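Enquirer: My questions all concern the structure below.
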Amino acid sequence: MRDVRLQDSWKALLAPEFEQDYMEKLRAFLLQQKQQGRVIYPPGAQIFNALDQTPFENVKVVILGQDPYHGPGQAHGLCFSVSPGVPKPPSLQNIFKEIAQDLGIAPANNGCLLPWAEQGVLLLNAVLTVEHALAGSHQGKGWEIFTDRIVSLLNEQREHLVFMLWGSYAQKKGAIINRQRHLVLESPHPSPLSAHRGFFGNKHFSKTNTYLIKHGVDPINWQLPDLSLSSVKTGDMYE
């Protein structure tokens with residue numbers, strides 16, 4: 001992973017991580033998986049997509065996910081997001097329902113959150129790869145150490161960020177965040193199993209923009225554009 005392609009600002013900050021033993025072990029694990037013919041998501045060029053699309057100095061908001069979607073064509077390196085033309089998973093549908101309730105914004109015809117990332121929303125999973133059809137299969141292999149470092153750098157070197165922590169997993173990962181320096185918004189996860197217990201009605205999206213404006217930062221436009229899905233092949237905008 002020493003020759004990994006990564007956006008310059010993040011590469012400068014994270015370069016030491018790629019020399020650590022845990023990253024060498026992670027690289028060996030992923031190589032072994034590929035040699036065994038396992039299908040890994042997202043595609044290699046999109047593993048660091050969250051960092052590539054949202055440079056360190058551009059981050060305004062951090063949404064923490066757990067691990068990538070494990071179905072064909074779904075994961076493209078942004079948490080909760082799916083590639084254009086892919087049906088919206090249930091948790092993402094619930095995110096759009098809350099945005100509609102909070103801000104009166106109708107859902108787009110697609111689940112690609114790239115426009116959020118381009119505005120400064122870091123869509124970061126705790127684990128950046130997964131094996132086909134095996135949720136959580138790459139947990140405990142080293143990715144969590146890497147993404148903990150990302151959260152730590154944002155916490156220490158930036159100020160007035162908004163962290164959206166949905167569910168106990170994200171909340172534990174965000175426990176180090178300085179609540180005086182940043183806004184931390186917590187609620188249950190948008191999964192259909194828990195969304196009714198407090199994700200719906202959390203108003204995190206309007207609260208985020210209120211906080212950003214208060215601190216002189218341009219708010220996020222949560223409205224996603226509709227795509228002409230008939231002319232979009234999965235992954236085209238990322239190749």
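The values are calculated or read from the model by the stated rules, or taken from the named source; none is laboratory data. Note that the structure is a prediction, hence the values are computed from the model and not measured. Neighbour counts run over all protein chains shown; Cβ positions are idealised from the backbone, glycine included. The accessibility values were calculated without ligands, DNA or RNA, using every heavy atom of the protein model including side chains. Shrake-Rupley method; radii C 1.70, N 1.55, O 1.52, S 1.80 Å.
Enquirer: Within the chain, how many lysine pairs that are 8 or more places apart, or on different chains, have C-alpha atoms less than 17 Å apart?
Expert: For the chain, qualifying lysine pairs total 11.
Enquirer: Evaluate the Kirkwood expression for the hydrodynamic radius of segment 175-218, namely the inverse of the mean inverse distance over all pairs of different C-alpha atoms, and round to one decimal in Å.
Expert: Roughly 11.9 Å, rounded to one decimal.
Enquirer: Using only the alpha-carbon atoms of the chain, report the extent along each of the three principal axes, biggest first, to the nearest angstrom.
Expert: Principal-axis extents of the chain (Cα, largest first): 48, 44, 32 Å.
Enquirer: Taking 35 Å as R0, compute the FRET efficiency from the Cβ-Cβ separation of Ala28 and His160 and round it to 0.05.
Expert: Efficiency computed from Cβ-Cβ geometry: 0.35.
Enquirer: Report, as a whole number in µm² per second, the diffusion coefficient that Stokes-Einstein gives for segment 1-116 at 4 °C and 1.567 mPa s using the Kirkwood radius over alpha carbon pairs.
Expert: Once the numbers are plugged in, D ends up at 81 µm²/s.
Enquirer: Once the convex hull of the C-alpha atoms of segment 98-165 is built, how many Å³ does it hold per residue, rounded to a whole number?
Expert: Taking the convex hull of the Cα positions in segment 98-165, it is 138 Å³ per residue.
Enquirer: State the percentage of accessible surface on segment 9-162 attributable to carbon and sulfur atoms; use a 1.4 Å probe and exclude ligands, DNA and RNA.
Expert: 50 percent
Enquirer: Provide the convex hull volume over Cα atoms per residue for segment 107-211, in Å³.
Expert: Cα convex hull per residue, to the nearest whole number: 138 Å³.
Enquirer: Further question: Quote to one decimal, in nm, the extra length available between Thr210 and Ser9 on full extension: 0.36 nm per residue of separation minus the C-alpha distance between them.
Expert: Contour length minus the Cα-Cα distance gives 69.6 nm.
Enquirer: Find out how many positive minus negative residues lie around His70, taking Lys and Arg as positive, Asp and Glu as negative, among other residues whose Cβ is under 14 Å from that of His70.
Expert: In short, -1.
Enquirer: Work out the FRET efficiency for Gln36 and His196 from their Cβ-Cβ distance, taking R0 = 35 Å, and round it to the nearest 0.05.
Expert: Step by step, r from the Cβ atoms, then E = 0.30.
Enquirer: Which value, in debye to the nearest 20, gives the size of the charge dipole of the chain about its Cα centre, when Lys and Arg are +1 and Asp and Glu are -1 at the Cβ?
Expert: About 500 debye.
Enquirer: Separate question: Where in the chain are the helices, taken as whole DSSP H runs, whose Cα atoms extend 30 angstrom or more along the long axis and whose Kyte-Doolittle mean reaches at least 0.5?
Expert: Answer set is empty.
Enquirer: Still on this structure, I have one more. Taking only protein heavy atoms and a 1.4 Å probe, what accessible area per residue, in Å², does segment 14-166 have with all protein chains in place?
Expert: That works out to 37 Å² per residue.
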